[in-house]
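Worksheet for the structure shown next.
The values are calculated or read from the model by the stated rules, or taken from the named source; none is laboratory data. This is a predicted model, so every value here is computed, not measured. Note: ideal-geometry Cβ built from the backbone for every residue, glycine included; neighbour counts use all protein chains shown.
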């Protein structure tokens, strides 16, 4: 199965920013963990991170043309206000799982609302980096 993992703003700072919320493991660790899992299970995986909304939108649109069969997305702060990202996700009929490392529902009130979740197949929240793996399990078992 061909999977795309998209990470929004500041995810590249895992292990650096707010360790009490996001943990001590860095972004390279996350990528390595996902690539090993995908390889062991025989899946093709692309991981992309951007601090720019347009970069994520371009990757979603590219996924339509390149045969991506499942998207795992952590939109970061774009979760709460990016209608452009929401519209890009809605425009592709590819199963999509939204992932958040922290439990956004236990945090600041503005984090309780996701404009992107309604156009995703499902959401994994608050389970740390394991949430990405659970999203991958769901997408690959669904096929």
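Numbers at a glance
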| quantity | calculated |
| --- | --- |
| Residue in the stretch 36-46 that is without any contact (Cβ under 8 Å) to a residue 40 or more places away in the chain and surrounded by 13 or more Cβ atoms within 10 Å (Cβ to Cβ) present | no |
| Every residue from the stretch 11-24 that is surrounded by fewer than 16 Cβ atoms within 10 Å (Cβ to Cβ) and not in a helix (DSSP H, G or I) | 15, 16, 17, 18, 24 |
| Matching residues, the stretch 1-32, being at pLDDT 90 or above and farther than 25 Å from residue 89 by Cα | 25, 26, 28, 29, 32 |
| Given (1) surrounded by 20 or more Cβ atoms within 10 Å (Cβ to Cβ); (2) in a strand (DSSP E or B), index of the condition residue 79 fails | (2) |
| Check on residue 5, outside any loop (DSSP other than H, G, I, E, B), under 18 Å from residue 133 (Cα atoms), touching a strand residue (DSSP E or B) at 6+ places or on another chain (Cβ under 6 Å) and in contact (Cβ under 8 Å) with a residue 60 or more places away in the chain | yes |
| Tally of residues being exposed (fewer than 13 other Cβ atoms within 10 Å of the Cβ) and in a helix (DSSP H, G or I) across the stretch 47-60 | 1 |
| Unique residue being farther than 27 Å from residue 24 by Cβ and in contact (Cβ under 8 Å) with a residue 24 or more places away in the chain when the list is 99, 119 | 119 |
